[in-house]
Amino acid sequence: MTTTTRPEGSEPGPLTDKAEGRIAVIAGSGALPVAIVRTLVAQGAAPFVVVLAGEADEEPAFAAMDHIVMSVEEVGLILPRLRKAGVRRLVMA
């Protein structure tokens, strides 16, 4: 797992409230998943990224993140992995 640090002087935002639990991003194609992950990291969060194999255009953008690569057919098996990673919130992008 990669350790993420918050930029100096930044304050935790609503996306980093530890009481709410960790956020996972299921990353499909396009720029949106990358933008969401970058925003979360900038706010001090350490998102867990599920990269959809063959769908996500920017797989290398998630290489430094705590992530897994799964096929669309395997997404049904993701819940135990998300629980193990401490995920309580989920974004599909």
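What does the charge count near ALA53 come to, summing +1 for each Lys or Arg and -1 for each Asp or Glu among other residues with Cβ under 10 Å from its Cβ?
-4
Given 0.36 nm per residue, what is the gain on full extension from GLU55 to ARG81 after removing their alpha carbon distance, in nm?
Contour length minus Cα-Cα distance gives 7.4 nm.
Read-outs throughout are calculated quantities, based only on the coordinates presented, and are distinct from any laboratory measurement. Quick caveat, the model's predicted, so the values are computed rather than measured. Cβ atoms come from the backbone with ideal geometry, glycine included; neighbour counts cover every protein chain shown.
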